[in-house]
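Accompanying notes for the structure given below.
Readers should treat all values here as calculations from the given coordinates under stated rules, not as data from a laboratory. Remember, predicted model here, so these are calculated numbers, not experimental data. A quick note on method: Cβ atoms are made from the backbone with ideal geometry, for glycine too, and the neighbour counts reach across all protein chains shown.
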Amino acid sequence: MGSTLASKVWDAHMVRRGGAGQDDLLYVDLHLLHEVNTPQAFDDLRAAGRVVRRPDLTLGTEDHNTPTTSVDEVIADPAGRRQSMLMRRNCAEFGIPLHRLGDPGQGIVHVIGPELGLVRPGMTIVCCDSHTTTLGAFGAIAFGIGTSQVEHVLATQTLPIRRPKDMAVTVGGRLPDGVSAKDLVLALIARIGTAGGQGHVIEYRGDTIAGLSMEARMTLCNMSVEAGSRAGMVAPDDTTYEYLRTRPGMPDGAAWDAEVAYWRTLRSDLDAAFDKEITLDAGALQPWATWGTNPGQSIPLDGRVPAADDFTDPQERAAAERALAYMDLRPGTAMRDIAVSSVFLGSCTNGRIEDLRSAAAVLVNRRVADGVHMLVVPGSAAVRRQAVAEGLDRVFAAAGADFRPAAGCSMCCALNEDRLRPGQRAASTSNRNFEGRQGKGGRTHLVSPQVAAATAVVGKLAAPADLLPAAL
């Protein structure tokens with residue numbers, strides 16, 4: 001029987017195979033760090049008298065606590081300020097490269113990894129952040145780890161971990177106009193649930209996936225963790241190679257050809273068996289939005305808010321009842337009748353240049369509705385520079401959107417000043433709509449960049465197709 005893509009990468013990095021019910025020992029090619037979840041790991045490393053085994057395979061960035069209003073602004077929150085200070089001290093002490101706020105390479109950890117040419121097919125990548133799954137778009141096994149695991153990787157460049165199962169999600173057909181990878185992954189999670197991928201690596205396959213750009217594939221893999229999966233992957237192909245060819249540090253000539261020849265072997269064999277398989281029809285999809293307090297509580301934008309009694313499973317019914325109360329929504333309300341006062345465009349899910357382009361295309365010659373604040377935060381300093389070079393900053397400004405000068409996680413996790421007030425409702429391109437995720441008492445509807453932009457114009461959840469022709 002053949003091997004899956006995930007099995008091929010896993011087996012190539014297995015230092016020691018565990019017995020039945022035991023962990024394998026996996027070699028780690030790249031270890032990414034940010035300021036929030038790392039201080040304790042360094043303290044434990046220091047207390048044990050250990051050093052970082054491969055600082056050259058480790059990289060830090062400041063992203064979660066960083067202000068977005070200025071690259072020179074001091075972090076206001078004392079805890080966040082201390083985390084960033086410790087990050088700088090720890091990276092300096094142990095010889096780890098760090099991209100600080102204001103550096104040209106700074107940005108959200110999952111955005112800068114590919115930008116800097118650090119992510120390649122066939123790698124194993126870990127980070128102290130669950131959305132490390134983003135990087136599986138390149139045919140790598142990438143996943144988030146906890147603080148004690150961070151220490152283990154720092155000290156040994158290996159990680160004891162249980163081998164996951166394999167899950168295939170095959171998507172066929174053409175995505176309709178106005179429907180994106182964000183809509184696709186929300187539809188998937190709504191179908192299989194937030195635990196549907198638990199214990200599995202999801203491999204996204206099919207002609208729809210082959211037609212996606214690298215940035216769209218990153219969006220898809222980014223939210224794999226919201227289905228409970230260990231990781232998400234897409235087999236590398238010509239789209240992958242073209243993206244990587246211009247990245248820093250890539251070989252050329254014969255060395256490049258040799259890399260590509262190896263990368264072409266990284267795909268599931270025709271006779272590979274998956275533990276679970278799901279099939280989706282891309283042509284049947286519409287723009288989606290969440291109505292509840294987890295990514296699985298979502299429906300097409302032309303739907304209506306469900307009632308708790310619509311769910312037969314007792315746990316789902318109880319979750320829906322709580323979500324409706326928190327979101328202050330009445331069952332039967334049309335999704336397009338839900339008004340918002342805030343729109344957030346950004347995050348590791350949808351803060352890349354293609355995301356900004358797609359939103360700006362909707363906003364050209366249009367204005368953000370009165371009473372709506374649209375916040376646009378680029379995923380990295382490089383994304384912001386590219387947006388300015390393309391004139392997207394002028395489009396956002398003309399529309400009345402707030403295009404920030406600094407990159408970071410921003411309102412996605414509300415660890416800086418960008419947060420919702422209690423009771424405030426937002427359309428957000430981020431990845432989680434949990435209670436209080438974007439600010440205590442804030443209410444979040446997850447949407448795509450196009451839907452976010454259209455919603456900003458209308459003042460209610462909307463798709464670009466709902467807009468009147470833009471004034472010339």
(request) Any chance you could run the full-extension gain for Asp328 through Ala155? It's 0.36 nm times the residue separation minus the Cα-Cα distance, nm to one decimal. (result) 57.5 nm
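Determine, from the Cβ-Cβ distance of Asp337 and Ala398 and an R0 of 22 Å, the FRET efficiency 1/(1 + (r/R0)^6), rounded to the nearest 0.05.
The value I calculate is 0.20.
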(message) Can you order the peptides 310-316, 152-158 by their average number of other Cβ atoms within 10 Å per residue, highest first?
(response) 152-158, 310-316
(request) Would you kindly state how much longer the chain becomes between Glu417 and Leu86 on full extension, computed as 0.36 nm times their sequence separation minus their alpha carbon distance, in nm to one decimal? (result) 117.1 nm
(message) Output wanted: per-residue J couplings in Hz (rounded whole) for segment 267-274, from phi through Karplus 6.51 cos²θ - 1.76 cosθ + 1.60, θ = phi - 60°, x for Gly and Pro.
(response) 8, 5, 5, 4, 9, 5, 9, 9
(message) Give me, ordered by chain and number, the residues 5 or more places off Leu26 or on other chains with an amide H under 5 Å from its own placed amide H.
(response) Val15, Leu159, Ile161
(request) Would you kindly state how much longer the chain becomes between Asp275 and Asp313 on full extension, computed as 0.36 nm times their sequence separation minus their alpha carbon distance, in nm to one decimal? (result) 11.2 nm
(message) Need one number: convex hull volume per residue for segment 5-278, Cα atoms only, in Å³.
(response) 150 Å³
(message) Quick check for you: which residues of segment 319-355 have the amide N under 20 Å from the point 7 Å beyond the Cα of Leu468 toward its beta carbon?
(response) 336-340
(request) Compute the label zone of Asp370 within segment 308-351: residues whose backbone N is under 19 Å from the point 7 Å along Cα-to-Cβ. (result) 339-343
(request) Starting from one equal scatterer on each C-alpha and no solvent at all, send me the Debye-based log10 I(q)/I(0) for the chain at q = 0.09, 0.10 Å⁻¹, two decimals. (result) -0.57, -0.72
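About the Cα centre of segment 290-465, what is the dipole size in debye to 20, counting +1 per Lys and Arg Cβ and -1 per Asp and Glu Cβ, all else neutral?
420 debye
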(request) Determine the dipole magnitude for segment 131-219: charges of +1 sit on the beta-carbon of Lys and Arg, -1 on that of Asp and Glu, nothing else is charged, the reference point is the Cα centre, and the result goes in debye to the nearest 20. (result) 220 debye
(message) Quick check: Cα centre of segment 325-403 to Cα centre of segment 419-472, how many Å?
(response) 8 Å
(request) Compute the Rg/Rh shape ratio of segment 290-465: radius of gyration over Kirkwood radius, all on alpha-carbon atoms. (result) 0.98
(request) Starting from the Cα of Asp302, move 7 Å in the Cα-to-Cβ direction to define the label point; list residues of segment 449-469 whose amide nitrogen is under 15 Å from there. (result) 462-467
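So if R0 is 30 Å, what FRET efficiency would Ala261 and Tyr27 give, r being the distance between their Cβ atoms, rounded to the nearest 0.05? All intermediate terms of the calculation are to be shown ahead of the outcome.
Numbers: r = 22 Å, r/R0 = 0.73.
My answer for the efficiency is 0.85.
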(request) Would you mind checking which residues have amide H under 5 Å from Lys460's amide H? H placed 1.01 Å from N; only 5 or more apart, or other chain. (result) Val340
(request) Specify whether the C-alpha gyration tensor of segment 393-472 places it in the rounded, prolate or oblate class, a ≥ b ≥ c being the square roots of the eigenvalues: rounded for a/c under 1.5, otherwise prolate if a/b is larger than b/c and oblate if not. (result) oblate
(message) With +1 assigned to the C-beta of every Lys and Arg and -1 to the C-beta of every Asp and Glu, and no other charges, what is the dipole magnitude of the chain about the Cα centre in debye, to the nearest 20?
(response) 640 debye
(request) Could you order peptides 435-443, 18-26 by the average number of other Cβ atoms within 10 Å of their residues, highest first? (result) 435-443, 18-26
(message) Check which residues have an amide H placed less than 5 Å from Trp291's amide H, if you skip close sequence neighbours.
(response) Ser298, Ile299
(request) Sort the following peptides by mean Cβ neighbour count (other Cβ atoms within 10 Å, averaged over residues), highest first: 364-374, 289-299. (result) 289-299, 364-374
